[in-house]
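Remarks on the structure that follows.
The values are calculated or read from the model by the stated rules, or taken from the named source; none is laboratory data. Worth saying up front: this structure is predicted, and the values here are computed from it rather than measured. Glycine gets a Cβ as well: all are built from the backbone with ideal geometry, and neighbour counts include every protein chain shown.
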Amino acid sequence: MKETLKSNKTLITNGFIITSEDKFYGDILIEGEKIIQVSDKKITDSADEIVDAKGLYVIPGAVDPHVHMELDTPAGASCDDFFSGSKAAIAGGTTTIIDFITPGRDENWNEAIAKRKSQAAKSLIDYSLHASIVGWNEHTPGEVSDFIANEGITSFKIYLAYQKTVGISDSQLALAMEAVGSAGGLVMLHAEDDAIISHLKSKFIAEGKASPLWHARSRPAEAEAIAVLKAISYAKILQCPIYVVHVSGAPAIQLIAEAQESGIKVFAETCPQYLLLDESLYDQPFEKSAKYVISPPLRGSFDRWKLWKALKDKTISVVATDHCPFNLHGQKSVGGEDFTLIPNGAGGVEHRPGLLFNFGVLNDRITLNEWVNLISTHPARIFGLSHKKGDLKPGLDADIVLWNPEQKKVISAANHHQRCDSNIYEGFAIQGGAQTVFSKGKKVFDSDQFFNDGVKGNFLKRTPLVR
């Protein structure tokens, strides 16, 4: 007779449990990879390990639905691969990431997903993938349907900028929204208008305006708003739900709010950089300003105020990172004489929960429940992972973070875990951080130490958006 192996049990006791809807002192019992009991009373079941969480918050592991690990660019790959990037994620309290498959315009999608899964096999945490639609041919509708039905990939990224590389035309946008919407998927949009950006970039370079400041000037908030309006209009006509990534400006927020009020299914995310950093950072010498070259660029104080307001009124329902760091030396530096050559992107996967806790919760901009919803529960729900991630309920994966609300640190390239020589939050003093992290029931991080005991990230199939 085959012997059944007994799963270990771990009891987390005396913690202050916080979900998107509730908060209370209580216990959580884990068996194997799953949560089996959550209670506001003492759990008396025997456990192999007891973890005393007195003085700590107990929250679901954060879900970052927008990262770019080892993204290929003309300046080389983004400097975090799936190993170093997932390690940085763990240190900040993130236990699930969603990256991207970006096939070449003539590349077979099945080959592209196999290649991306091979790269992602290094991940220390569970991951999923969005598929990017970068062109259109007679095979694309079938590939969309196949990915949704068989791969569990239900979200499709479209770039309205970058027309020469990954961006698509208006006619292709209509075809893509029609195909994705009818198949039950969700379209994600990088919403910046390519035409005005291309015009301004050429104009500024011809005038000798080549510093990072002119990167920001070439991508005004109106360029984002033009693209958002187009996307919302197409979504309404073609009955396709959309998700606007990295919303940065007040004009776009207004359009999204009005669309939501009228019943159009549009979701929106922003990122910590747009909530916390200012466009004045571009008005510095290249060696200080180049690390802030991201797209969309940083905005002004009114835009930041509108973003925080949009988090509170739920116009924006997710805070992600768009984690895509490049080294200042050897990558960003190639654009020293021409801002158009600077690879766009910065890191943040390690810092998102802490930044939002410090500047959101501790500054009374959002509540503890809203914090958990923005970084974990809502992204899991939107992207079809709520059957496994994003909450503290029996039957879900035991991705759990013990959060120390009193922990203090200063963010720096000298102490971060991402593999990059600079940090856009350099010098930020924050309170609150992940003290202990469990991934699928195994302790993978505790008091700044990582534990590599065979825990490995797996590819997650997702369920379609509930219409």
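Answer yes or no: is there a residue in region 136-148 that is crowded, with 19+ Cβ neighbours inside 10 Å, in contact with a Pro (Cβ under 7 Å, 6 or more places away or on another chain) and under 22 Å from Gln172 (Cβ atoms). The answer is yes, given that some residue of region 136-148 is crowded, with 19+ Cβ neighbours inside 10 Å, in contact with a Pro (Cβ under 7 Å, 6 or more places away or on another chain) and under 22 Å from Gln172 (Cβ atoms). Among all positions in region 111-127, there is at least one residue which is within 18 Å of the chain's Cα centre (by Cα) and over 30 Å from Thr436 (Cβ atoms). The set of residues in region 353-372 being buried (at least 24 other Cβ atoms within 10 Å of the Cβ) and closer than 27 Å to Lys461 by Cα consists of Pro353, Trp371, Val372. Of all residues being aliphatic (A, V, I, L, M) and part of a loop (DSSP other than H, G, I, E, B) in region 405-434, which is surrounded by the fewest Cβ atoms within 10 Å (Cβ to Cβ)? Just the residue, please. It comes out as Ala414.
Residues are listed down the side, and each one gets a yes or a no for (1) within 22 Å of the chain's Cα centre (by Cα); (2) in a loop (DSSP other than H, G, I, E, B):
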| site | (1), (2) |
| --- | --- |
| Glu192 | yes, yes |
| Ala195 | no, no |
| Ser198 | no, no |
| Lys201 | no, no |
| Gly208 | no, yes |
| Leu229 | no, no |
| Ser233 | no, no |
| Cys240 | yes, yes |
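Gly104: in contact with a helix residue (DSSP H, G or I) (Cβ under 8 Å, 6 or more places away or on another chain), modelled with pLDDT under 95 and small (Gly, Ala, Ser), yes or no? So Gly104 passes the test.
Over 27 Å from Pro285 (Cα atoms), among the acidic types (Asp, Glu) and touching a helix residue (DSSP H, G or I) at 6+ places or on another chain (Cβ under 9 Å), is that true of Asp391?
Working: over 27 Å from Pro285 (Cα atoms): yes; among the acidic types (Asp, Glu): yes; touching a helix residue (DSSP H, G or I) at 6+ places or on another chain (Cβ under 9 Å): yes.
Here the answer is yes, as Asp391 does meet what is asked.
Would you mind stating whether Arg116 is outside any helix (DSSP H, G or I) and either at pLDDT 95 or above or more than 23 Å from Ala223 (Cβ to Cβ) (or both)? No: the conditions fail for Arg116.
When only residues in region 86-113 that are assigned to a helix (DSSP H, G or I) and touching a Ser or Thr at 6+ places or on another chain (Cβ under 8 Å) count, which is surrounded by the most Cβ atoms within 10 Å (Cβ to Cβ)? Give the derivation first.
Keep residues of region 86-113 that are assigned to a helix (DSSP H, G or I), which gives 86-92, 109-113.
Now narrow it down to the ones that are touching a Ser or Thr at 6+ places or on another chain (Cβ under 8 Å): 86, 89-90, 112.
On the way: Ser86: 29, Ala89: 34, Ile90: 25, Ala112: 18.
My answer is Ala89.
I'd like the residue in region 300-320 that is in contact with a Ser or Thr (Cβ under 9 Å, 6 or more places away or on another chain) and assigned to a loop (DSSP other than H, G, I, E, B) and, out of all such residues, is farthest from Ile98 (Cα to Cα). Among them, the one singled out is Gly300.
Only residues that are touching a strand residue (DSSP E or B) at 6+ places or on another chain (Cβ under 9 Å), among the β-branched types (Val, Ile, Thr) and in a helix (DSSP H, G or I) were counted across region 340-377, and they come to 4. Against the numbered list (1) without any contact (Cβ under 8 Å) to a residue 60 or more places away in the chain; (2) more than 21 Å from Lys201 (Cα to Cα), Ser248 comes up short only at (2).
Out of all the residues in region 370-398, which are of a type in the set (D, E, K, R) and in contact with a Lys or Arg (Cβ under 6 Å, 6 or more places away or on another chain)? Residue satisfying the conditions is Asp397 alone. Is it true that Asp72 is more than 30 Å from Gly345 (Cα to Cα) and not in a strand (DSSP E or B)? No; evaluated as a whole, the condition is false for this residue.
Among the residues of region 222-247, those identified as among the small types (Gly, Ala, Ser) and in contact with a strand residue (DSSP E or B) (Cβ under 7 Å, 6 or more places away or on another chain) are Ala231, Ala235.
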